[in-house]
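Q: The structure follows.
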Amino acid sequence: MATRTDGPTRREQILKEAARLFAERGFHGVGVDEIGAAVGISGPGLYRHFAGKDAMLAELLVGISGQLLTGARRRVAEADGGPAGRNPEEVLDSLIEGHIDFALDDRPLITLHDRELDRLRDSDRKLVRQLQRQYVELWVEIVREVYPGLAEPTARSAVHSVFGLLNSTPHLGRPGSALPGRDAMATLLHRMARGAFSAAGKD
């Protein structure tokens with residue numbers, strides 16, 4: 001019996017290269033043949049996996065929104081299942097860590113979201129927005145547990161501000177400039193995110 005390896009599937013390889021190329025050159029600046037060449041197959045061969053570039057873009061943007069929400073829910077559920085009950089401080093730290101992983105490891109998707117979201121068909125764009133709203137509300141709930149005196153609108157504004165901070169990673173540094181290593185950058189981003197929430201909680 002064949003066993004599944006941990007390596008990416010061909011479909012996952014196509015999506016990764018499509019995200020990179022779309023982010024670098026824009027959705028309309030990349031052809032199907034170029035995406036195929038990046039993964040070692042002919043352009044027409046891509047149509048065995050996707051109906052076209054529009055389908056790739058939709059799967060990338062809907063997919064990452066769903067993954068962020070699923071991951072955040074899992075982190076909260078793991079905390080809820082502990083013997084001592086939920087520690088909101090630890091949950092918030094875990095949520096921040098999860099979003100930092102996304103921000104540092106999936107930078108092309110941040111660029112795609114900023115530049116290409118409006119290219120999705122209405123139904124896909126609405127789904128992305130719905131998933132994002134649920135993700136924000138989960139964060140707002142935890143932030144208000146950590147800072148009980150924080151009004152809901154202020155907590156929501158703080159969450160969006162922290163997302164803006166963390167999602168700025170594609171724009172860090174000039175080409176060729178030295179940046180901290182990944183672990184150092186993750187630590188810095190985490191400290192800045194907690195600082196932003198602490199500042200909001202003191203208002």
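The values are calculated or read from the model by the stated rules, or taken from the named source; none is laboratory data. Owing to the predicted nature of the structure, the values given are computational and were not obtained by experimental measurement. Counting neighbours? That spans all protein chains shown, and the Cβs are built from the backbone with ideal geometry, glycine included. Calculation scope for accessible area: heavy atoms of the full protein, side chains included, ligands and nucleic acids excluded. Shrake-Rupley method; radii C 1.70, N 1.55, O 1.52, S 1.80 Å.
Q: Where in region 95-192 are there trypsin sites (Lys or Arg not before Pro) that are in a DSSP coil and have at most 14 other Cβ atoms within 10 angstrom of their Cβ? Can you show the working numbers first?
A: Working: sites: 115, 119, 121, 125, 126, 129, 133, 144, 156, 182, 191; in loops: 121.
Sparse-neighbourhood loop trypsin sites (Lys or Arg not before Pro): 121.
Q: Still on this structure, I have one more. Could you work out the local net charge near residue 89, counting Lys and Arg as +1, Asp and Glu as -1, over the other residues with Cβ closer than 11 Å to its Cβ?
A: Around residue 89, the charge tally is -1.
Q: In addition: May I ask you to compute the full-extension gain from residue 134 to residue 37, defined as 0.36 nm times their residue separation minus their alpha-carbon distance, rounded to one decimal in nm?
A: Roughly 31.2 nm would be gained on extension.
Q: At a 1.4 Å probe, what is the % contribution of carbon and sulfur to the accessible area of region 69-129?
A: 43
Q: Whole number in Å², please: accessible area per residue of the chain, 1.4 Å probe, ligands, DNA and RNA not counted.
A: Computed with neighbouring chains in place, this is 56 Å² per residue.
Q: Could you work out the relative contact order of region 9-50? I mean the mean sequence separation of Cα pairs under 8 Å and 6+ apart, divided by the number of residues, in percent.
A: On the way: 29 pairs, mean separation 14.2, N = 42.
34 percent.
Q: Expressed as a rounded percentage, what relative contact order does the chain have, with Cα pairs under 8 Å and six or more residues apart?
A: Result for the chain is 21 percent.
Q: Can you send over the carbon and sulfur percentage of the accessible area for region 9-50, probe radius 1.4 Å, protein chains only?
A: 51
Q: Place +1 on the Cβ of every Lys and Arg and -1 on the Cβ of every Asp and Glu in the chain, take the dipole about the Cα centre, and give the residue among 92, 29, 149 whose Cα lies farthest towards its positive end.
A: Of the candidates, 29 comes out farthest on the positive side.
Q: Still on this model: Percent of alpha carbon pairs in the chain separated by more than 24 Å?
A: Result for the distance tail: 50 percent.
Q: Oh, and also: What does the net charge come to around residue 51 if you take all other residues with beta carbon closer than 14 Å to its beta carbon, with K and R at +1 and D and E at -1?
A: Details: positive: 11, 48, 53, 121; negative: 54, 59, 124.
Taking every Cβ under 14 Å from that of residue 51, the sum is +1.
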